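For reference, the structure is listed below as C-alpha cells.
The values are calculated or read from the model by the stated rules, or taken from the named source; none is laboratory data. Source: prediction; values computed, not measured. Quick reminder, even Gly has a Cβ in these numbers, built from the backbone with ideal geometry, and neighbours come from all protein chains shown.
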Amino acid sequence: MGAMTTTTGKRRAATRQKLFQAAVTLIAEQGYSATTVDEIAERAGVAKGTVYYNFTSKAELFEELLRHGVGLLTTALRAAGDGRRGVDALDAMTRAGLEFLAQYPSFAQLFVAETWRANRSWHETLRLMREEAVGVVAAVLQEAVDAGEFPADLEVQLTASALFGMVLVVGLDWLVFQPERSLDDVHAGISRLLHARVRQPG
C-alpha cells in the first residue's frame, strides 16, 4: 500500500511539473486571459480532465504554478547555501538563482510581471512565497552580521531584497538582451557587486 501511494504521489508530482512547464510557457507567450485549460493540457501532453483533477480552475492552476515555481527557486537557494557561510553562501545562491532563470526563463518573466499586479487573486500567495525566498537570503546575511563578518549596520532585509531583485532583473536582462554572455560571466559580474556591498571595511 505504501509503495503504491509513493508511486501515485510521484506520478502526480510529475504531472504537476508538466502542467507547470506548459502553463508558464503559454502564459508567458500569450498572456493569462488568452491561455485556455485545453491549450495547457495539450502542451503538457495530458487529458483536459487531468488538469481539473489536479486543479479546480485555471486561476487555481496559475496560483499553484506560481507557488510551485517560487518553491523550486527557494529550494535551489537553500541547497546552494547549505554548508556555506557569508559571501560564499551568497555567491552560491546567486549562481543557483541564475541557473534557475536559465532553466525556467518564462517563469522568471511571469514572476516579475505578477509581483506588481496587486489586483490578482493570487497576489497575497505570491507575496508570501517571495518573502520566503528572500528570507533564505536574509538568514545568511543576518548570520554573517551576527558573526561580525558583515558590517553591523547592514540593513539585512533591504539588502536581501536588493540581492534577490538584482539576480532576477540581471538574469532576465542576460537571457533576453545578452544571451551571448556565459552564466559564469554574469555570475562573476554580480559577485563583484556583492563583495563590494557586504565586505567589512579594512
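Residue by residue, here is whether (1) in contact with a Lys or Arg (Cβ under 8 Å, 6 or more places away or on another chain); (2) among the acidic types (Asp, Glu); (3) farther than 30 Å from ARG197 by Cβ holds:
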residue: VAL37; (1), (2), (3): yes, no, yes
residue: GLY49; (1), (2), (3): no, no, yes
residue: ALA89; (1), (2), (3): no, no, no
residue: ALA113; (1), (2), (3): no, no, no
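Would segment 89-106 turn up any residue that is acidic (Asp, Glu), under 22 Å from PHE20 (Cβ atoms) and free of Cβ contacts under 8 Å to residues at least 60 places away in the same chain? Can you show your working first?
Pass one, segment 89-106, residues acidic (Asp, Glu): 91, 99.
Of the ones still in play, those that are also under 22 Å from PHE20 (Cβ atoms) are 99.
Right, trim to free of Cβ contacts under 8 Å to residues at least 60 places away in the same chain and you get none.
No.
Let's see how each residue does on (1) among the hydrophobic types (A, V, I, L, M, F, W, C); (2) at pLDDT below 85; (3) part of a helix (DSSP H, G or I); (4) assigned by TED's automatic domain parsing to the domain that holds TRP122:
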site	(1), (2), (3), (4)
ALA14	yes, no, yes, no
ALA22	yes, no, yes, no
TYR32	no, yes, no, no
THR35	no, no, no, no
GLU39	no, no, yes, no
GLU42	no, no, yes, no
GLY49	no, no, yes, no
Verdict on HIS123 being more than 14 Å from the chain's Cα centre (by Cα) and within 21 Å of LEU26 (Cα to Cα): yes
Please determine whether any residue of segment 58-75 is free of Cβ contacts under 8 Å to residues at least 40 places away in the same chain and within 27 Å of ASP173 (Cβ to Cβ). yes
Where in segment 54-134 are there helices (runs of 4 or more DSSP H), lying wholly inside it, with at least 2 residues that are closer than 20 Å to SER33 by Cβ and not assigned by TED's automatic domain parsing to the domain that holds ARG16? 58-81, 105-115
Of the conditions (1) in a loop (DSSP other than H, G, I, E, B); (2) within 28 Å of SER33 (Cα to Cα); (3) out of contact with any Leu (no Cβ under 9 Å at 6 or more places or on another chain); (4) not polar (S, T, N, Q), GLU149 clears all except one; give me its number. (2)
Give me a count of the residues in segment 143-202 that are touching a Ser or Thr at 6+ places or on another chain (Cβ under 6 Å) and closer than 21 Å to GLU132 by Cβ. 1
Only one of GLY97, GLY69, GLY86, GLY148 that is at positive phi, out of contact with any Gly (no Cβ under 6 Å at 6 or more places or on another chain) and crowded, with 16+ Cβ neighbours inside 10 Å: GLY86
VAL137: passes all of (1) without any contact (Cβ under 8 Å) to a residue 12 or more places away in the chain; (2) under 20 Å from the mean Cα position of the chain (by Cα) but (1)
